[in-house]
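The values are calculated or read from the model by the stated rules, or taken from the named source; none is laboratory data. Given the structure is predicted, the values throughout are model-derived calculations rather than measurements. Because the Cβ atoms are built from the backbone with ideal geometry, glycine has one as well, and the counts that use them run over all protein chains shown. For the accessible areas, the whole protein counts, side chains as well, though only heavy atoms, and no ligand, DNA or RNA atoms are used. Shrake-Rupley method; radii C 1.70, N 1.55, O 1.52, S 1.80 Å.
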Amino acid sequence: MSRFRLLSDAQWSLIEGLLPRPTGRKGRPFADARTMVEAIIYRYRCGIAWRDLPEVFGKWQTVWTWHHRMAVDGTWDQVLSRLTAAADAAGLIDWSLSVDSTIARAHQHASNITRHTGASSNYKNSSTLEPLDHGIGRSRGGLSTKVHQLVEGNGLPLVIAITAGQAGDSPMLLPLLAELRVQRPTGRPRTRPDALRGDKAYSSRAIRTHLRERDITAVIPQPSDQIGHRKRRGSRGGRPPAFDADDYKNRNVIERRFCDLKQWRGLATRYDKLATTYRAAVVLNAVIAWSRQLSDTP
């Protein structure tokens, strides 16, 4: 197989139905969709500049236009929704979810754009809305972006969000859960997991109350300061929250997911100016992971 052929025929058959097609109108020749998708994958896997794409993929401007348009209209989110629905129908989704985030350093090519910062977080679904700060903020490591993911029990992503690097993890959990929607053949989409695993950053009263009200098992350890505060209150501090230490060990699936994510150098370091295009590449990485899982299932 050529090193430029990045999708198997089985993987391509799962996603081609939702990609742009010729309209039948006269004009410029319509680019081959599979070539465009593989060019986008190649660019992010190698972390090269768009204009350095090999000529086998055609004009780099055409590839960039495809990627930007599919990022803005939410094409990759639709493909991911279709694949997760197929996986759920096949019984491949483990509904004990894990949540976490990872940092991607912003390259100087990504940061030379006007940003409006200083406002409080007003995160909404960022699949088509470009935030004023473009998802770039200043943390200890410099200008960076944070990728938040909600993954199922086998480590495959269900929900993806992008924020500035200095954003906290805890405030993003409820928006991530609000976006969890796995379509089913009949009835409403599934929006409630069986359990949620998270590290100490997600231990807050608001989060535990929300999970308890939705009958979601919280597998979240308490940080030492919360433990000390509860003990100092004595009987008024209440009982410690339930915590399954053995189940918590399974949270390693999201750490492995981020390791796989950063095998794409264009995601490990952010070169994109716009948060929408960078997030679309992260979603594309998830699409490839799900398509591989489904194509390998007998």
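Mind giving me the FRET efficiency for Asn154 and Thr217? R0 is 22 Å, r the Cβ-Cβ distance, nearest 0.05 is fine.
0.80
Taking the DSSP beta bridges in the chain as the whole, what percent of them are antiparallel, to the nearest 5?
70 percent
How big is the accessible area of His68 in square angstrom, nearest 10, if you roll a 1.4 angstrom probe over the protein chains?
We get 60 Å² for His68.
Helix-only estimate, please: 222 nm mean residue ellipticity of the chain, summing -39500 (n - 2.57) across DSSP H runs of length 4 or more and dividing by its residues, to the nearest 500.
Result for the chain, helices only: -12000 deg cm²/dmol.
Which whole-number percentage describes the relative contact order of the chain, with Cα contacts under 8 Å and a sequence gap of 6 or more?
Relative contact order comes out at 25 percent.
Would you mind estimating how fast the chain diffuses translationally, via Stokes-Einstein at 4 °C and 1.567 mPa s with the Kirkwood radius over Cα pairs, in µm²/s?
Estimated diffusion coefficient is 63 µm²/s.
Just the Cα atoms of the range 143-280, one point each, no solvent: what log10 I(q)/I(0) does Debye give at q = 0.10, 0.15, 0.19, 0.20 Å⁻¹?
Normalising to I(0) and taking log10 leaves -0.41, -0.86, -1.23, -1.32.
In nanometres, what is the gap between the two model label sites at Arg256 and Ser8, each 7 Å from Cα along Cα-to-Cβ?
The modelled label-to-label distance comes out at 1.8 nm.
At 7 Å along Cα-to-Cβ for each site, give me the label-to-label distance between Asp32 and Leu180 in nm.
4.1 nm
Tell me, which longest segment in the chain has none of the trypsin sites (Lys or Arg not before Pro) that fall in DSSP loops with at most 10 further Cβ atoms within 10 Å?
Longest gap between qualifying sites, sites excluded: 27-139.
Return the ratio Rg/(2.2 N^0.38 Å) for the range 230-283, where Rg is computed over Cα atoms only.
With N residues counted in the range 230-283, Rg over 2.2 N^0.38 Å equals 1.97.
The range 232-250 to the range 66-109: how many Å between their Cα centroids?
33 Å
Using a cut-off of 19 Å between alpha-carbon atoms, which aspartates and glutamates can reach Lys273, once sequence neighbours fewer than 8 places away in the same chain are excluded?
By straight Cα distance, Lys273 reaches Asp52, Asp73, Glu130, Asp133.
In whole percent, how big is the carbon plus sulfur part of the accessible area of the chain, probe 1.4 Å, protein atoms only?
Summing carbon and sulfur atoms, their accessible area is 48 percent of the total for the chain.
Skip the ligands, DNA and RNA, and give the accessible area per residue of the chain with a 1.4 Å probe, whole Å².
Ligands and nucleic acids excluded, the result is 53 Å² per residue.
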